[in-house]
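A short write-up of the structure that comes next.
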Amino acid sequence: MELKKQTVLVTGASSGIGLLVAGKLHENGYQVIGTSRNPEKHQARLPFKLLPLDLNVDHSIASFGKHLFSEIKTLDVLINNAGYLVNGLAEETPIELGKQQFETNFWGTIKLTNELLPYFRKQKHGKIITIGSLLGLVSLPYVSYYAASKHALEGYFKALRFELNQFNIKVVMVEPMSFKTNIGESGTVATGKNIADYDPFRKKVVAYTQQTFEKAPEPAPVIDALLRAVREKNPTFGFPVGKGSSIILLLQHFAYKLFEKSILKSVNASK
Ligand SMILES: NC(=O)c1ccc[n+]([C@@H]2O[C@H](COP(=O)([O-])OP(=O)(O)OC[C@H]3O[C@@H](n4cnc5c(N)ncnc54)[C@H](OP(=O)(O)O)[C@@H]3O)[C@@H](O)[C@H]2O)c1
């Protein structure tokens, strides 16, 4: 008897983690649909279908369900991957940039999930895997709005998990540390409103952030965690990923001052 191919939707499948996980799932026999704001730019080099989706545009999200279900009959897994990074010191970041960060990472993800939930409820099964970040569980300087948007996702999806349990819809977050993708280049840096008081600290934290990007490993462990989350019948809620992530979480929980001291020490040592 031939087993039915599971269907997986991966948002932001043109680059980085989304591109890799979509490719891997396709290789493993899943039916994969990806999304991009510019599918025509990427489709030719991809073995899976890309549909247009811009999380910042309401009508793009509103028409997405119909478009998706003209391509597929059922959706087993939604991977909410699309997102980007705003860097900058909190006080120097214009509120508008912070709002845009939430518009994509938080509201865009929620709006798309809402658009697809009626289909999941009707099927009475499904899985929603959202890529948060370790920065949704701990925070660092220079990423205040990004970390806030990822913390907000944690709170939202924890609540949703309770509510969807009755429909056999599983809700999971994958929470990676820093990995090498295009997130550094595709993101935004808040500039133009420098406050002189921060000059020495800004210099160090920019160097620290740059070094974090440079030292970041390839994202294979994130792809493994995502595959595990897709395959497990009853996955737990959170999948932190990255070397040292468990220690960081333990430190933050049981020895916050030690955690803070070690981050400030690393930032201050950066040149
Ligand atoms: N890399 C890391 O270290 C890391 C760590 C923790 C969490 N994450 C999370 O992992 C996810 C993927 O990031 P990545 O590192 O793989 O970055 P990436 O290489 O920059 O890829 C981002 C993807 O998101 C899509 N995207 C961006 N803005 C969008 C929008 N407004 N609407 C629809 N799609 C949009 C892009 O697609 P198009 O440009 O084609 O539309 C692209 O495919 C993000 O949620 C990020 O926060 C990354």
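The values are calculated or read from the model by the stated rules, or taken from the named source; none is laboratory data. These numbers come from a predicted model, not from an experiment. Ideal geometry is used to build each Cβ from the backbone, glycine not excepted, and the neighbour counts take in all protein chains shown.
Screening the candidates Val8, Val21 for the property of being of a type outside the set (S, T, N, Q), part of a strand (DSSP E or B) and out of contact with any Gly (no Cβ under 6 Å at 6 or more places or on another chain) yields one hit, Val8.
Could you grab me the full set of residues in region 24-37 that are in a strand (DSSP E or B) and more than 13 Å from the ligand (Cβ to nearest atom)? Once the filter is applied, which keeps residues that are in a strand (DSSP E or B) and more than 13 Å from the ligand (Cβ to nearest atom), region 24-37 yields Gln31, Val32, Ile33. Within region 179-207, being more than 10 Å from the ligand (Cβ to nearest atom), within 22 Å of the chain's Cα centre (by Cα) and either crowded, with 18+ Cβ neighbours inside 10 Å or among the hydroxyl-bearing types (Ser, Thr, Tyr) (or both) holds for Thr188, Ala190.
On the stretch given as region 153-178, residues that are surrounded by fewer than 16 Cβ atoms within 10 Å (Cβ to Cβ) and either touching a residue at least 12 places away in the same chain (Cβ under 8 Å) or not aromatic (Phe, Trp, Tyr) (or both) total 8. Does region 195-207 contain any residue that is modelled with pLDDT of 95 or more and over 26 Å from Leu97 (Cβ atoms)? There is no residue in region 195-207 that is modelled with pLDDT of 95 or more and over 26 Å from Leu97 (Cβ atoms). Cβ contacts < 7 Å: first residue within 10 Å of the ligand (Cβ to nearest atom), restricted to region 6-22; second residue of a type in the set (Ser, Thr, Tyr) and assigned to a loop (DSSP other than H, G, I, E, B), any location; separation 6+ or different chain. Result? If the second residue must be of a type in the set (Ser, Thr, Tyr) and assigned to a loop (DSSP other than H, G, I, E, B), the pairs left are Ser15/Thr181; Gly16/Thr181; Ile17/Thr181; Gly18/Thr11. Entry remark, region 38-66: residues being touching a strand residue (DSSP E or B) at 6+ places or on another chain (Cβ under 6 Å) and either outside any helix (DSSP H, G or I) or away from the ligand (no atom under 14 Å from the Cβ) (or both) number 5 in total. When you scan region 83-101, do you find a residue that is within 13 Å of the ligand (Cβ to nearest atom), part of a strand (DSSP E or B) and crowded, with 19+ Cβ neighbours inside 10 Å, even just one? Within region 83-101, one or more residues are within 13 Å of the ligand (Cβ to nearest atom), part of a strand (DSSP E or B) and crowded, with 19+ Cβ neighbours inside 10 Å. Determine whether Gly132 is within 13 Å of the ligand (Cβ to nearest atom), at pLDDT 95 or above and out of contact with any strand residue (DSSP E or B) (no Cβ under 6 Å at 6 or more places or on another chain). Answer is no for this residue. Leu137: crowded, with 18+ Cβ neighbours inside 10 Å and within 16 Å of the chain's Cα centre (by Cα), yes or no? When the stated conditions are applied, Leu137 passes them.
Checking each residue in region 27-48 for being surrounded by 18 or more Cβ atoms within 10 Å (Cβ to Cβ) and not aromatic (Phe, Trp, Tyr) picks out Gln31, Val32, Ile33, Gly34, Thr35, Ser36, Leu46.
Being touching a Gly at 6+ places or on another chain (Cβ under 7 Å) and within 26 Å of Leu250 (Cβ to Cβ) holds for only one residue in Leu116, Leu134, and it is Leu134. Does Lys150 qualify as being within 16 Å of the ligand (Cβ to nearest atom) and without any contact (Cβ under 8 Å) to a residue 40 or more places away in the chain? No: the conditions fail for Lys150.
Restricting the first member to region 71-90 and to residues that are under 11 Å from Ile33 (Cα atoms), and the second to residues that are among the aromatic types (Phe, Trp, Tyr), the beta-carbon pairs closer than 8 Å and six or more apart or on different chains are Leu75/Phe69; Leu75/Tyr119; Leu75/Phe120; Leu78/Phe120.
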